[in-house]
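The values are calculated or read from the model by the stated rules, or taken from the named source; none is laboratory data. Not measured: the values here are computed from a predicted model. Glycine also receives a Cβ, built like all others from the backbone with ideal geometry; neighbour counts cover every protein chain displayed. To get the accessible areas, we keep the full protein, side chains included, count just its heavy atoms, and leave off ligands, DNA and RNA. Shrake-Rupley method; radii C 1.70, N 1.55, O 1.52, S 1.80 Å.
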Amino acid sequence: MNSRPPEPTTREALYAHAEAYLDALEAQDPARLAWAEQVVFTENNVQLEIGDGLWNTISARRRTYDLKAADPQTGQVSWFGLVEEHGHPAIMGLRLGIVDGRIAEVETIVCRSMEFGPFPSIETYVSPRPLMLADVPEDQRRERVRMISIADGYFDTLQLNDGTLFTEFTDDCDRVENGLQTTNNPNIEDYPIAAMGCAEQFRLGQYIYDDRLRGRRFPLVDEEKGIVVAAGFIDHCGKVVDVTWTDGVTKTKSVFHFPHSFALLEMFKIVDGKIAGVEAAFVTVPYNMPSPWGG
């Protein structure tokens, strides 16, 4: 990883870097891009050579889903959207680190339907929510350190979830995971917790089987959009199967019955000090797998 902090840049320049990367990826031609002398490139938490992985298999980028965030202070830009490999769609989360106008870091999560993992729900991943695209009014913004703390509180809440909230949510907060809305959605079969809102889900302690939120990183803070992009792992040891909600009555079962981890890129929308929206792309990786990014 690059140890020297990048020079501040502009949102427009960072968005242009993301578009140039996606265009080159679609053309399967990394030579189109300006690369730093040293580059770290990962796909699904594995470090690869530039031009490997999705670069070999992509056949198209769907332009209907285009969710970007940028951090001009640190030279970071992210994109969530849809790609196709030989006609098979996949959901992708992308993070680029730009140093002196050159790409120094590429972190991608590609959630494919033919792999073992959570979803993806391609048919529901139609276009970004207006909430995620909108600027946050200046009087409802928070400083970047506070934004990271709010996002980190989400992970604290999720880890060994026992009903305690370590962050705050807006009343209408929704979470989208690999294209599927997993809050305020009563239509997910055999998953009653999905009918609840973000805060209510956590107060009921459904996610007690999420053992660790490990390797947490917060590489991008977009103060104008109110977005923090986080990376890390959710570890499931598989020990907890039977779950009783904190209401003391409702009993459910974990869907995780053996050790594994999720590697993730996740966006948190923060408005007036509360989490107003969550969007995640994640894939299953070996249990307790280390990260090429450290942490």
For the chain, compute the number of Lys pairs whose alpha carbons are separated by less than 14 Å, excluding pairs fewer than 8 positions apart on the same chain.
5
Please give the net charge around F41, taking every other residue with its beta carbon less than 12 angstrom from that of F41, where Lys and Arg add +1 and Asp and Glu add -1.
-4
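Report the FRET efficiency, 1/(1 + (r/R0)^6), for S149 and T252, where r is their Cβ-Cβ distance and R0 is 25 Å, rounded to 0.05. Please list the in-between numbers first.
On the way: r = 31 Å, r/R0 = 1.23.
Efficiency for this residue pair is about 0.25.
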Rounded to the nearest 10 Å², the 1.4 Å probe accessible area of F155 is 0 Å²
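Residues with beta-carbon under 10 Å from that of P128, excluding P128: net charge, scoring Lys, Arg +1 and Asp, Glu -1? Walk me through the numbers on the way to the answer.
Details: positive: K68, R129; negative: D66, E279.
Once positives and negatives cancel, what remains is 0.
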Residues W35 and L133, FRET efficiency given R0 of 35 Å [Cβ-Cβ distance, rounded to 0.05]
0.75
Those Cys residues of the chain for which no other cysteine Cβ falls under 4.7 Å
C111, C237
In the chain, what percent of the accessible surface is made up of carbon and sulfur (1.4 Å probe, ligands and nucleic acids excluded)?
51 percent
May I ask you to rank I227, I122, I148 by accessible area, largest first, using a 1.4 Å probe over the protein chains only?
I148, I122, I227
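Roughly how many Å² is the accessible area per residue of the chain, as a whole number, for a 1.4 Å probe? Intermediate values should be presented prior to the final figure.
Details: 12850 Å² over 295 residues.
Averaged over the residues of the chain, the accessible area is 44 Å².
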Mind giving me the nanometre distance, one decimal, between the label points for D100 and S59, set 7 Å out from Cα along Cα→Cβ?
4.1 nm
Between region 44-112 and region 213-273, what's the alpha-carbon centroid distance in Å?
21 Å
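Just want to confirm a number: the relative contact order over the chain, from Cα pairs under 8 angstrom separated by 6+ residues, in percent.
On the way: 701 pairs, mean separation 51.2, N = 295.
Value for the chain: 17 percent.
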Report, by chain and number, residues whose modeled amide H sits under 5 Å from the one on I208, excluding near sequence neighbours (fewer than 5 apart, same chain).
N161
List the residues of region 49-76 whose backbone N lies under 12 Å from a point placed 7 Å from the Cα of A16 along the Cα-to-Cβ direction.
none
For K239 and D162 in the same chain, what is the full-extension length gain: residue separation times 0.36 nm, less their Cα-Cα distance, in nm?
26.2 nm
